[in-house]
Amino acid sequence: MIEMAPSLVLVVTIAVLVAVGVYLILERSLTRIIIGVVLLGNGVNLLLLLSGGRAGGPPIIDLTPAEEMSDPLPEALILTAIVITLGMTAFLLALAYRSWQLNGHDEVQDDIEDRRIAYLAARDELAFEDTDTDVVVPDIESEAHEVRDETDTLTILVGEEGLVNVPVEAVRPSGDAPDDGAPDDGASQTDREEPR
């Protein structure tokens, strides 16, 4: 009978590969997503290999006794998983290359419909909030656009105008300006007088 006790090292390796693969798939960069798909595919391949038990003889009748044969099903599933992972990797590489050609980066942008739904959800949430307390009510626009967006423009829903592309700097509140270390006493650099 073939022994089915798995090696602890293989189990830990599978867990690490799958965990890192899932973490990378959840990133916004297509390059990281590709690496995540490859790692997840390798983790699944190891899991299938581990499910086949210990190695045995080739599964050919009259060549190997039945009790010494290895299970051919996990090997067939691993070959199928390799082909699927290769196809997904090729597809994602094509997407990343095309995104790099068009935009100069491989970041996955937010969907306009997702932003519209986030705006409507924020508006509906404000309609049901208790306004009798001293809680500061957040701005609908800022709450709707809390989704991470690393592009140069944002598409926002503006009243009757619908969806409009605006620069990120136009949406950023004045208090969020990056600090360059220079003291800010309310006067601009051109308004200051030089000592004589």
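A few remarks follow.
- Condition check for Gly41: part of a helix (DSSP H, G or I), within 28 Å of Ala5 (Cα to Cα) and under 28 Å from the mean Cα position of the chain (by Cα): yes
- Filtered residue count, segment 50-68, keeping only those that are in a loop (DSSP other than H, G, I, E, B), farther than 20 Å from Ser7 by Cβ and under 45 Å from the mean Cα position of the chain (by Cα): 3
- Restricting Glu107, Glu113, Glu67, Glu125 to residues that are in contact (Cβ under 8 Å) with a residue 40 or more places away in the chain and either exposed (fewer than 15 other Cβ atoms within 10 Å of the Cβ) or under 27 Å from Asn45 (Cα atoms) (or both) narrows the list to Glu67.
- When we screen Phe128, Phe91 for residues that are modelled with pLDDT under 85 and not hydroxyl-bearing (Ser, Thr, Tyr), the only hit is Phe128.
- Filter result for Pro6 (over 27 Å from Asp111 (Cα atoms), part of a loop (DSSP other than H, G, I, E, B) and in contact (Cβ under 8 Å) with a residue 40 or more places away in the chain): yes
- Single condition Arg123 does not satisfy, out of (1) basic (Lys, Arg); (2) within 22 Å of Ser7 (Cα to Cα); (3) part of a helix (DSSP H, G or I): (2)
The values are calculated or read from the model by the stated rules, or taken from the named source; none is laboratory data. Not measured: the values here are computed from a predicted model. Because the Cβ atoms are built from the backbone with ideal geometry, glycine has one as well, and the counts that use them run over all protein chains shown.
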